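Peer 1: The structure that follows is given in the form of structure tokens.
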Amino acid sequence: MNKNTRKIPVRFGYLINTALFAALLLGGTKVIGSGAVSMYHTKVILLCGINIILALSLNLATGFLGQLPLGHAGFMALGAYSSAIFMRNVTILPPEALFPFGILIGGLMAAFIGFLIGIPALRLKGDYLAIITLGFGEIIRVVLLNIDDVLGFKLTYGAASLKNIPKTTNFFNTFLCVAITCFVIYTYIKSRHGRATLAVRDNEIAAEACGISTTYYKTLGFTVSAFFAGVAGALYAGYLGVLSPSSFGFMKSIEILVTVVLGGMGSMAGSVISATVLTALPEVLRAFSEYRMIAYSLLLVIVMIFKPTGLMGNYDFSLSTLIGRFNGNASKKFEKEGGKHE
Amino acid sequence: MSVFSTIVNQIMNGLQTGSVYALIALGYSMVYGIILLLNFAHGDIIMVGAYTAWLFMVNFGQTPVLAVIAAVAACTVLGVVIEKVAYTPLRQAPRLSLLITAIGISFLLENLAQLVFGAGARPVPRIFDMPSVSVGSVSLSGTAIVTLLVSVVAMILLNLLIKKSKMGKAMRAVSEDTGTAQLMGISLNKTITFTFAVGSALAGIGSVLYCAAYPQASPTMGSMLGLKAFVAAVLGGIGSIPGAMIGGFCIGLAEAGATALGLSVWKDAMVFAILIIVLIVKPTGILGRNLQEKV
Amino acid sequence: MSNLVPVPSRGMVPERDVKDRPVLETIHLGIDFGGLVAVDEFNLVIGKTEIAGLIGPNGAGKTTVFNLLTKVYQPSRGTILLGDKDTSGMNTSQVCRAGMARTFQNIRLFRDMTVAENVMVGLHHSIAYHTPTAILRLPAYWRGERNAREKAMDMLSIFNMQDLGGVKAGALPYGAQRRLEIVRALATNPSILLLDEPAAGMNPTETAELMENIVKIRDTYQIAILLIEHDMKLVMGICEGIAVLNYGKIIAKGTPDEIKSNTAVIEAYLGKKEGQENA
């Protein structure tokens with residue numbers, strides 16, 4: 001009987017989620033398409049979406065793996081440039097039709113390099129992992145800057161900027177990507193694979209002793225994290241229309257890190273909210289843009305001192321997203337049944 | 001000029017930059033050895049030193065000597081203040097939080113500098129001007145020789161401090177076992193503060209020497225400099241003082257080599273490639289210690 | 001190098017009838033740390049359903065042996081045969097999947113997960129669905145999760161912990177944490193269970209209960225158990241065969257009675273007798 005009552009709310013929850021998602025997607029596209037929302041606000045919304053995906057992807061690495069990769073902007077750059085170069089040079093279909101492929105290519109390129117980087121990097125821990133990923137991020141940036149000289153032809157245009165990228169990013173595909181990212185990450189975490197990943201983070205030696213291949217899960221988590229960063233990069237390229245390696249340096253990695261840390265490393269909802277607020281707020285506070293970075297850093301330090309796990313921080317993924325709340329989270333129910341310990 | 005003298009000059013260049021890296025790397029190593037923190041803000045302390053020197057010489061019109069003293073003093077004070085305000089409250093926090101705070105402080109310093117002094121580079125007047133020295137057919141830069149001498153002397157003094165002085169012993173004890181050191185009556189706070197002070201003072205000296213070679217101050221100068229010095233510390237073995245020195249010189253020479261081969265645009269990538277190779281092949285560095293987790 | 005010669009079944013104690021191949025056999029197992037020989041000439045055979053004990057003074061190398069068996073350290077020499085598999089070249093997770101589970105001297109639970117989740121991590125490989133199934137939430141996922149949860153509760157009931165399912169592992173009292181670690185290890189479906197000081201920190205009542213439970217586990221799951229212990233009542237009470245380790249070498253092997261009267265063992269623990277006998 002218990003099993004049945006647990007199943008129904010979950011299935012019902014999914015129905016609600018799907019309906020909500022469809023409504024937002026189609027409704028949002030309609031509203032923005034009709035011109036009711038200004039160009040300026042649309043841009044902010046798109047940027048929010050991109051930053052949400054970035055934050056979620058880094059959150060995967062920090063919250064799940066318990067590590068601190070500092071080169072995330074590098075993956076974003078790889079996704080952006082791969083997609084941009086593809087979109088600029090391939091013309092068999094109109095840009096709007098090609099863009100899904102561009103996004104996929106961006107994600108896969110970033111995932112591939114992420115996989116390669118993971119091989120040496122994931123053998124290290126803590127500070128060393130942070131530094132080696134920082135190193136790789138910087139190398140990616142320098143390579144993107146100078147590769148044309150090595151290749152002999154213009155590929156990335158380096159510091160001169162890669163221009164004329166079709167601006168195919170719109171509300172529909174951004175929202176879709178955000179939804180897919182949330183869905184994939186959530187369903188992954190709430191599965192035996194997610195449990196295994198969290199076990200690896202919690203106590204690596206114990207996880208190995210339970211038969212879980214830590215190398216496999218760390219690599220998988222890191223690669224998927226890179227994939228979504230690449231997707232965000234591709235969307236960014238289609239949003240801005242112009243790319244330059246200097247926008248993907250250490251500073252950018254730190255910005256993404258700040259977003260994740262403030263939202264709480266290990267909290268999906270935290271990342272979503274944090275990314276939205278940190279994207280929208282500077283636009284609202286245009287007048288104070290000079291102080292934005294100072295406010296960021298100060299905020300970061302203060303939050304770390306007073307609440308080291310982040311504003312919404314918690315390591316337990318069983319809370320958080322709106323979807324989770326709708327699904328009447330099985331383990332939360334369990335907790336109620338379990339009661340207090342002796 | 002003969003090829004030989006060009007090579008010698010490049011080597012001198014490498015040793016000069018390497019000395020600066022070494023002085024900064026010493027600070028990184030010392031702090032890591034004692035509280036296991038990668039002090040990301042360390043590089044930016046140099047930036048503060050450079051701006052202080054600039055302030056004293058240009059704004060206040062003081063002599064270079066006074067500017068040097070001011071710069072070193074400012075760095076030392078800043079290092080200690082940061083430690084007390086930002087790192088001490090996090091002594092018990094997870095290491096990740098401490099690392100993030102250090103990154104936050106680094107960011108804060110850079111952006112404050114940008115706000116106050118503007119994003120552009122400010123020329124710093126010559127702190128000292130040394131004539132070139134001729135050895136045989138080769139003309140060596142006087143500045144380079146002074147830089148090299150100063151850093152070697154600094155390292156020797158530091159080594160003496162660590163090995164012979166009471167505080168040095170305390171530092172070594174705390175880096176081995178914090179709990180037991182305290183049980184022996186060593187004041188944890190005083191030792192850590194002292195470590196930061198010495199490390200920052202060395203960074204201050206480093207900033208002065210750096211400005212002697214590259215007389216410019218800009219808000220982000222510390223970050224790349226600090227990162228490279230950090231690579232030097234890792235290369236030499238983080239936690240090891242002679243290691244920091246060796247690492248610094250290696251990185252400096254490697255960069256000089258790259259420039260000599262006309263590959264100076266790849267300098268930064270090369271330094272990070274060295275870091276990656278070290279971390280893969282021998283993460284504890286040339287002279288580093290091994291820390292194994294007990295199962 | 002390994003010699004996969006079929007060995008006639010014998011446990012640590014030859015007379016015991018244990019049928020077929022032994023579940024664990026180590027041949028000339030040893031490890032050096034730098035210049036220090038930590039374990040040497042460790043030869044052991046454990047029968048399929050035997051409860052065996054590894055005892056010795058502190059620092060003798062008992063946990064090191066466990067670490068060797070589970071490949072936390074790679075042996076410097078020797079062979080380990082688990083069933084009919086040579087574990088050379090395997091890493092810890094592979095050894096676990098091959099059938100050797102362990103608990104740790106300093107409890108290693110997943111402190112941020114609940115009790116049930118800890119056990120379900122142990123069940124990881126017995127749950128059948130793959131990643132795409134999980135992401136698409138196909139029926140196999142729901143089935144797999146439900147079965148896993150039920151199995152976890154069943155296993156927790158051995159130690160009467162089924163009501164603690166939703167409690168965070170880090171919040172449990174010490175004794176319960178030890179028991180949870182054993183359940184989690186059992187969940188990996190091992191053929192031999194290594195317990196590192198399972199009774200540490202327990203009072204006599206808890207120890208007696210533990211002794212019952214260990215025998216119950218062996219009887220229910222038909223597995224072998226090798227335990228490290230300092231509590232002599234437990235060791236002498238339930239172990240069928242005992243090996244004594246001192247300075248990394250086995251100094252005696254046999255039944256509890258044999259070990260109790262073995263002079264080398266007494267010397268190792270108490271030192272050489274000087275004149276008068278002590279009670």
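Peer 1: Assigned to a helix (DSSP H, G or I), surrounded by fewer than 19 Cβ atoms within 10 Å (Cβ to Cβ) and modelled with pLDDT under 85 - does that describe any residue in segment A:237-253?
Peer 2: For segment A:237-253, residues assigned to a helix (DSSP H, G or I), surrounded by fewer than 19 Cβ atoms within 10 Å (Cβ to Cβ) and modelled with pLDDT under 85: present.
Peer 1: Restricting to segment C:61-106, and then to whatever is in contact (Cβ under 8 Å) with a residue 40 or more places away in the chain, part of a loop (DSSP other than H, G, I, E, B) and hydroxyl-bearing (Ser, Thr, Tyr), can you tell me which residue is nearest to the other protein chains (Cβ to nearest Cβ)?
Peer 2: Here the residue is C:Thr70.
Here is a yes/no grid of residues against (1) surrounded by fewer than 24 Cβ atoms within 10 Å (Cβ to Cβ); (2) at pLDDT 90 or above:
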position: B:Ala197; (1), (2): yes, yes
position: B:Ser200; (1), (2): no, yes
position: B:Ala212; (1), (2): no, no
position: B:Pro215; (1), (2): yes, no
position: B:Ala232; (1), (2): no, yes
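Peer 1: Against the definition (assigned to a loop (DSSP other than H, G, I, E, B) and under 28 Å from B:Asp44 (Cβ atoms)), how does B:Ala86 come out, yes or no?
Peer 2: On the way: assigned to a loop (DSSP other than H, G, I, E, B): no; under 28 Å from B:Asp44 (Cβ atoms): yes.
No, not satisfied.
Peer 1: I want to confirm something. Restricting to segment C:165-208 and keeping residues that are acidic (Asp, Glu) and out of contact with any strand residue (DSSP E or B) (no Cβ under 6 Å at 6 or more places or on another chain), which single residue is surrounded by the most Cβ atoms within 10 Å (Cβ to Cβ)?
Peer 2: Of segment C:165-208, the ones acidic (Asp, Glu) are C:181, C:196-197, C:206.
Checking the rest, the ones that are also out of contact with any strand residue (DSSP E or B) (no Cβ under 6 Å at 6 or more places or on another chain) come to C:181, C:206.
Numbers: C:Glu181: 24, C:Glu206: 15.
Per the criteria, the residue is C:Glu181.
Peer 1: Return yes or no: is B:Ala256 at pLDDT 90 or above and buried (at least 18 other Cβ atoms within 10 Å of the Cβ)?
Peer 2: Details: at pLDDT 90 or above: yes; buried (at least 18 other Cβ atoms within 10 Å of the Cβ): yes.
The answer is yes for B:Ala256.
Peer 1: Any idea how many residues of segment A:54-90 are of a type in the set (Gly, Ala, Ser) and not in a helix (DSSP H, G or I)? Quick ask: steps written out before the conclusion?
Peer 2: Step one: filter segment A:54-90 for residues of a type in the set (Gly, Ala, Ser), giving A:55, A:57, A:61, A:63, A:66, A:71, A:73-74, A:77, A:79-80, A:82-84.
Next, only the ones that are not in a helix (DSSP H, G or I) stay: A:66, A:71.
Adding up the residues that qualify gives 2.
Peer 1: Based on this model, can you work out whether B:Leu96 counts as surrounded by fewer than 24 Cβ atoms within 10 Å (Cβ to Cβ), assigned to a helix (DSSP H, G or I) and more than 20 Å from the chain's Cα centre (by Cα)? So that I can check it myself, show each step before the final result.
Peer 2: Numbers: surrounded by fewer than 24 Cβ atoms within 10 Å (Cβ to Cβ): yes; assigned to a helix (DSSP H, G or I): yes; more than 20 Å from the chain's Cα centre (by Cα): yes.
The answer is yes for B:Leu96.
Peer 1: Now a separate question. Modelled with pLDDT under 90 and in contact with a helix residue (DSSP H, G or I) (Cβ under 8 Å, 6 or more places away or on another chain): is that true of C:Gly83 in this structure? Break it down stepwise before answering.
Peer 2: Working: modelled with pLDDT under 90: yes; in contact with a helix residue (DSSP H, G or I) (Cβ under 8 Å, 6 or more places away or on another chain): yes.
So C:Gly83 fits the description; yes.
Peer 1: Here's another thing I want to ask about it. Out of everything in segment B:47-68 that is of a type in the set (Val, Ile, Thr) and in a helix (DSSP H, G or I), what residue ends up being farthest from the chain's Cα centre (by Cα)? I'd like the intermediate steps shown before the answer.
Peer 2: Filtering segment B:47-68 for residues of a type in the set (Val, Ile, Thr) gives B:48, B:52, B:58, B:63, B:65, B:68.
With in a helix (DSSP H, G or I) added as a condition, the list becomes B:48, B:52, B:58, B:65, B:68.
Details: B:Val48: 13, B:Thr52: 17, B:Val58: 25, B:Val65: 21, B:Val68: 16 Å.
If we take residues in segment B:47-68 being of a type in the set (Val, Ile, Thr) and in a helix (DSSP H, G or I), then B:Val58 is farthest from the chain's Cα centre (by Cα).
Peer 1: If C:Phe110 meets every condition in (1) crowded, with 24+ Cβ neighbours inside 10 Å; (2) modelled with pLDDT under 90; (3) aromatic (Phe, Trp, Tyr) apart from one, which number is that one?
Peer 2: In the conditions (1) crowded, with 24+ Cβ neighbours inside 10 Å; (2) modelled with pLDDT under 90; (3) aromatic (Phe, Trp, Tyr), C:Phe110 misses (2) alone.
Peer 1: Continuing with this model, one more query. So if I check each of A:Gly249, A:Gly221, which one is more than 27 Å from A:Asn164 (Cβ to Cβ) and touching a residue at least 60 places away in the same chain (Cβ under 8 Å)? Explain how you work it out, then say what you get.
Peer 2: On the way: A:Gly249 fails: more than 27 Å from A:Asn164 (Cβ to Cβ).
Exactly one of A:Gly249, A:Gly221 is more than 27 Å from A:Asn164 (Cβ to Cβ) and touching a residue at least 60 places away in the same chain (Cβ under 8 Å), namely A:Gly221.
Peer 1: Kindly indicate whether any position in segment B:35-45 is part of a helix (DSSP H, G or I), at pLDDT 85 or above and away from chain A (no Cβ under 14 Å).
Peer 2: Taking segment B:35-45 first, the residues part of a helix (DSSP H, G or I) are B:35, B:42-45.
Those still in the list that are at pLDDT 85 or above too: B:42-45.
Then keep just the ones that are away from chain A (no Cβ under 14 Å); that gives B:45.
Checking segment B:35-45: at least one residue is part of a helix (DSSP H, G or I), at pLDDT 85 or above and away from chain A (no Cβ under 14 Å).
Peer 1: Next up: Determine whether segment A:23-35 contains at least one residue that is among the β-branched types (Val, Ile, Thr), more than 17 Å from A:Val231 (Cβ to Cβ) and at pLDDT 85 or above.
Peer 2: There is no residue in segment A:23-35 that is among the β-branched types (Val, Ile, Thr), more than 17 Å from A:Val231 (Cβ to Cβ) and at pLDDT 85 or above.
Peer 1: Here's another thing I want to ask about it. Counting only residues that are closer than 18 Å to C:Asn118 by Cβ and either touching a Gly at 6+ places or on another chain (Cβ under 8 Å) or among the hydrophobic types (A, V, I, L, M, F, W, C) (or both), how many does segment C:134-169 have?
Peer 2: 14
Peer 1: Follow-up. Which residue is farthest from the chain's Cα centre (by Cα), if the candidates are limited to segment C:134-172 and must be farther than 18 Å from A:Arg195 by Cβ, within 10 Å of chain A (Cβ to nearest Cβ) and not hydrophobic (A, V, I, L, M, F, W, C)?
Peer 2: Checking each candidate, the answer is C:Asp163.
Peer 1: Tell me which residues, restricted to segment A:160-188, are aromatic (Phe, Trp, Tyr) and closer than 28 Å to C:Glu145 by Cβ.
Peer 2: Kept after step one, since they are aromatic (Phe, Trp, Tyr), are these residues of segment A:160-188: A:171-172, A:175, A:183, A:186, A:188.
Once the filter is applied, which keeps residues that are aromatic (Phe, Trp, Tyr) and closer than 28 Å to C:Glu145 by Cβ, segment A:160-188 yields A:Phe183, A:Tyr186, A:Tyr188.
Peer 1: Next question. Those residues that are without any contact (Cβ under 8 Å) to a residue 60 or more places away in the chain and more than 30 Å from B:Thr17 (Cα to Cα), I need them from segment B:168-178; list them, please.
Peer 2: Those that are without any contact (Cβ under 8 Å) to a residue 60 or more places away in the chain and more than 30 Å from B:Thr17 (Cα to Cα): B:Lys169, B:Ala170, B:Ala173, B:Glu176, B:Asp177, B:Thr178.
Peer 1: List every residue pair whose Cβ atoms sit under 8 Å apart, with the two residues 6 or more apart in sequence or on different chains, where the first one lies in segment C:110-130 and is closer than 19 Å to C:Arg143 by Cβ and the second, anywhere, is of a type in the set (Asp, Glu).
Peer 2: These pairs meet every condition: C:Ile127/C:Glu145.
Peer 1: State the number of residues belonging to segment C:116-164 that are assigned to a helix (DSSP H, G or I) and either outside the structural domain of C:Ile182 (by TED's automatic domain parsing) or among the polar types (S, T, N, Q) (or both). Quick ask: steps written out before the conclusion?
Peer 2: Within segment C:116-164, the subset assigned to a helix (DSSP H, G or I) is C:116-122, C:124-126, C:131-136, C:139-159, C:162-164.
Among the residues that remain, those that are also either outside the structural domain of C:Ile182 (by TED's automatic domain parsing) or among the polar types (S, T, N, Q) (or both) are: C:118, C:126, C:131, C:133, C:147, C:157, C:162.
Qualifying residue count, segment C:116-164: 7.
Peer 1: Need a quick list: helices (runs of 4 or more DSSP H) entirely within segment B:179-295 having at least 2 residues that are in contact (Cβ under 8 Å) with a residue 12 or more places away in the chain and within 14 Å of chain A (Cβ to nearest Cβ). Walk me through how you get there before you give the answer.
Peer 2: Working: elements: B:188-213, B:221-236, B:241-260, B:267-281.
Answer list for segment B:179-295: B:221-236, B:241-260, B:267-281.
Peer 1: What is the one condition in (1) surrounded by 21 or more Cβ atoms within 10 Å (Cβ to Cβ); (2) more than 10 Å from chain A (Cβ to nearest Cβ) that B:Leu149 does not satisfy?
Peer 2: Of the numbered conditions (1) surrounded by 21 or more Cβ atoms within 10 Å (Cβ to Cβ); (2) more than 10 Å from chain A (Cβ to nearest Cβ), the odd one out for B:Leu149 is (1).
Peer 1: From the list A:Thr223, A:Thr279, exactly one residue is within 14 Å of another protein chain (Cβ to nearest Cβ) and either under 29 Å from B:Leu112 (Cβ atoms) or part of a helix (DSSP H, G or I) (or both). Which is it? Can you show your working first?
Peer 2: On the way: A:Thr279 fails: within 14 Å of another protein chain (Cβ to nearest Cβ).
Exactly one of A:Thr223, A:Thr279 is within 14 Å of another protein chain (Cβ to nearest Cβ) and either under 29 Å from B:Leu112 (Cβ atoms) or part of a helix (DSSP H, G or I) (or both), namely A:Thr223.
Listed here are the residues, each with its yes/no results for (1) over 30 Å from B:Ser97 (Cα atoms); (2) crowded, with 23+ Cβ neighbours inside 10 Å; (3) touching a Pro at 6+ places or on another chain (Cβ under 7 Å); (4) within 14 Å of chain B (Cβ to nearest Cβ).
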site	(1), (2), (3), (4)
A:Phe64	no, yes, no, yes
A:Phe75	no, yes, no, no
A:Leu78	no, yes, no, no
A:Ile85	yes, no, no, no
A:Asp127	no, no, no, yes
A:Leu144	yes, yes, yes, yes
A:Phe153	yes, no, no, no
A:Gly158	yes, no, yes, yes
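Peer 1: Is there a residue being on the phi > 0 side of the Ramachandran plot and in contact (Cβ under 8 Å) with a residue 40 or more places away in the chain anywhere in segment A:88-99? Step through it out loud before you land on a result.
Peer 2: Kept after step one, since they are on the phi > 0 side of the Ramachandran plot, are these residues of segment A:88-99: none.
No, segment A:88-99 contains no residue that is on the phi > 0 side of the Ramachandran plot and in contact (Cβ under 8 Å) with a residue 40 or more places away in the chain.
Peer 1: In addition: Could you tell me which residue of segment C:209-233 is surrounded by the fewest Cβ atoms within 10 Å (Cβ to Cβ), considering only residues that are of a type in the set (D, E, K, R) and in contact (Cβ under 8 Å) with a residue 60 or more places away in the chain? Give the derivation first.
Peer 2: Residues of segment C:209-233 of a type in the set (D, E, K, R): C:209, C:212, C:216, C:218-219, C:229, C:231, C:233.
Remaining after also requiring in contact (Cβ under 8 Å) with a residue 60 or more places away in the chain: C:218, C:229.
Values: C:Arg218: 18, C:Glu229: 24.
So, considering only residues that are of a type in the set (D, E, K, R) and in contact (Cβ under 8 Å) with a residue 60 or more places away in the chain, the one surrounded by the fewest Cβ atoms within 10 Å (Cβ to Cβ) is C:Arg218.
Peer 1: Check segment A:163-184 and report whether any residue there is in a helix (DSSP H, G or I), within 23 Å of A:Leu104 (Cα to Cα), within 14 Å of chain C (Cβ to nearest Cβ) and touching a Ser or Thr at 6+ places or on another chain (Cβ under 8 Å). Talk me through it step by step, then tell me what you get.
Peer 2: The first filter runs over segment A:163-184 and keeps only residues in a helix (DSSP H, G or I), leaving A:171-184.
Cutting the leftovers down to within 23 Å of A:Leu104 (Cα to Cα) gives us A:171-184.
Okay, now just the ones that are also within 14 Å of chain C (Cβ to nearest Cβ), so A:179-184.
Next cut, touching a Ser or Thr at 6+ places or on another chain (Cβ under 8 Å) only: A:181-182.
Yes, that holds for at least one residue.
Peer 1: Now, a different point. Quick one: is B:Ala74 buried (at least 16 other Cβ atoms within 10 Å of the Cβ), under 19 Å from B:Phe196 (Cβ atoms) and within 8 Å of another protein chain (Cβ to nearest Cβ)?
Peer 2: no
The values are calculated or read from the model by the stated rules, or taken from the named source; none is laboratory data. Just so it is clear, the structure is predicted and the values come from calculations on it, not from any experiment. Neighbour counts are summed over all protein chains in view; Cβ atoms, including those assigned to glycine, are modelled from backbone coordinates with ideal geometry.
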